[in-house]
Amino acid sequence: MSADIRPIAESELPEWLRAVNTGFLQPTPFSDSDVAQRAKYTDFARTQGAFDAVTGRCVATFRSFAQELTVPGGAAVPASAVTNVSVSPTHRRQGLLTRMMATELRAAKERGEVVSTLIAAEYPIYGRYGYGPATVTAEWEIDIARSGVDHRWSGPGDGGRIDLIDVSEAREAGPLLHERLRAVSHGTVSRNTRWWNVVTGVEQQVSARSYKDKFYALYRDAAGEPAGLAMYSADEHWTDEKLPQNTLTVRDLIALTPDAERALWRFLCSIDWVMKVRTGYRAPDDIVPLLLPDPRAARPVTTADFMWLRLLDVERALAARTYAVPGVLVLEVADAAGLADGRYRLDAAAGTCVRTEDPADLRLDVSALGSLYLGDESAVRLGALGLVTEERPGALALADAVFRTARRPWCPDVF
């Protein structure tokens, strides 16, 4: 089959949305208001569709949008966030994704974006396009009865306080808190106006997901300054003996300080009638299990790769982040797409990265460099897997020390 791949026109958005939801096995009907709301936030120059040459129907979709990614040290680099990738089951294995991806990556580099990011629905797809898994996400289910949490807890003991606030207050406080969080939390990405409008129910998302019926708990420190926000919902389940068995699910939790983080989790774990707490996606080294008197009460339910990252400009990317220890490494990067290949000299102490003709210390694919970039993966482990080749003895150990970070990177958001 042949298909025409091109940026879509606004008039084609309903057909494109139908194809997206077909690919993700979601309901396809849309109202005019749904489409109009989605059109407000769609950059049509960055929205590709593949249209069947015979039927004219959209059979594959691809979209990107501008994003900022916080890297170790707190700098934010411009990123192209890839989303809404789908291929209809009738048109699989025909190279449609490969063509759309090649167009996007070339355009992203021309726009000056340093990296490309995405959340992979399936693991095997994106490595062949130069992406590597860069963050891990985790989720726990807390059995409150086993946890040892004191239900007599009546509030923070640090001089702060927790208040339940309404949607309008959460819509105002949330973006301000998140901007402060992403300045200090590597792996975090920027959130646009639409993200906040959807999660607070101001606007409805064109999908089956619902964000209604949430509660918002705001933590203020001893000086009265907001330093944390938890968004959560709860189901309603009682036994025949009239015993509550409700589960609270955390939808988002922002904490700027350890005091705020501890206070919000203790609050959530001490709400009457709640017998289980689902933490939502958290960092893999989140403090929440160890915060409980009995950490075994926090049962891991998810540990998986999350944000994948592809470098487009190696020099700018490696110069943007900071490094824990000094060291000089010459990296020979292979990139089948020809966007980031070359030999680079990284001076961790000086914070510089430049092209060089010096002999390589390490040889690796751009996808492996993407896994190393935010500090979560071990260069030594990638070497054992044959994904990084050591050309100078000791270079793998040095790379491990240079790239790794004290806390693991975390991306809170699906996009």
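The values are calculated or read from the model by the stated rules, or taken from the named source; none is laboratory data. Note that the structure is predicted; figures quoted are calculated from it, not measured. Virtual Cβ from ideal backbone geometry, glycine too; neighbours counted across all protein chains shown. Please note that ligands, DNA and RNA were not included when accessible areas were found on the heavy atoms of the full protein model with its side chains. Shrake-Rupley method; radii C 1.70, N 1.55, O 1.52, S 1.80 Å.
Values for this structure:
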| quantity | calculated |
| --- | --- |
| Inter-part distance where the range 375-400 and the range 259-321 are each reduced to a Cα centre, Å | 27 Å |
| Relative contact order %, the chain, counting alpha carbon pairs below 8 Å whose residues are six or more apart | 19 percent |
| Pairs of Lys in the chain closer than 22 Å at Cα, counting only those 8 or more apart or on different chains | 4 |
| Helix-only CD estimate at 222 nm, as mean residue ellipticity for the chain, using -39500 (n - 2.57) per DSSP H run (n ≥ 4) | -7500 deg cm²/dmol |
| Carbon/sulfur fraction of accessible area - the range 292-400, other protein chains in place, 1.4 Å, % | 52 percent |
| Positive dipole terminus of the chain, leading residue within SER190, ALA348, LEU396 (C-beta point charges) | LEU396 |
| Length gained when the stretch ARG355-ASP213 is fully extended (0.36 nm per residue, less Cα-Cα span) | 45.8 nm |
| Scaled radius of gyration (Cα, divided by 2.2 N^0.38 Å) that the range 1-111 gives | 1.14 |
| Once the Cα gyration tensor of the range 350-390 is diagonalised, semi-axes √(5λ) in Å | 19, 14, 9 |
| Trypsin sites (Lys or Arg not before Pro) lying in DSSP loop within the range 123-160, provided at most 14 other Cβ fall within 10 Å | ARG152 |
| Label-point gap, in nm, between GLU225 and VAL202 - each point 7 angstrom along Cα→Cβ | 2.4 nm |
| Size of charge dipole - the chain - debye, nearest 20, with Cβ of Lys, Arg +1 and Asp, Glu -1, no other charges | 440 debye |
| Å² per residue, accessible surface of the chain at 1.4 Å | 46 Å² |
| Label point distance in nm, ASP150-ILE5, each placed 7 Å from Cα along Cα→Cβ | 6.1 nm |
| Packing-based order for 6-12, 264-270, using average beta carbon neighbours within 10 Å, highest first | 264-270, 6-12 |
| The range 169-278: GluC sites (Glu not before Pro) falling in loop per DSSP and having at most 13 other Cβ within 10 Å | GLU236, GLU241 |
| TRP273-VAL167 pseudo-label distance in nm [points 7 Å out on the Cα-to-Cβ vector] | 2.1 nm |
| Angstrom value of the Kirkwood radius, inverse mean 1/r, which spans all Cα pairs in the chain | 23.3 Å |
| Overall dimensions of the range 126-255 as given by Cα atoms, namely Rg and Dmax in Å | 17.8, 56 |
| Charged-residue dipole, Cβ positions (Lys, Arg, Asp, Glu), the range 23-134 about Cα centre, Debye nearest 20 | 300 debye |
| Rg/Rh ratio calculated on Cα atoms of the range 347-415 (Kirkwood radius) | 0.99 |
| Proportion of all alpha-carbon pairs of the range 7-51 beyond 18 Å (%) | 23 percent |
| Only Lys, Arg (+1) and Asp, Glu (-1) charged, at Cβ; the range 304-407 dipole about Cα centre in debye | 280 debye |
| Top of GLY95, GLY375, GLY74 by mean-square fluctuation, Gaussian network on the chain, Cα under 10 Å | GLY95 |
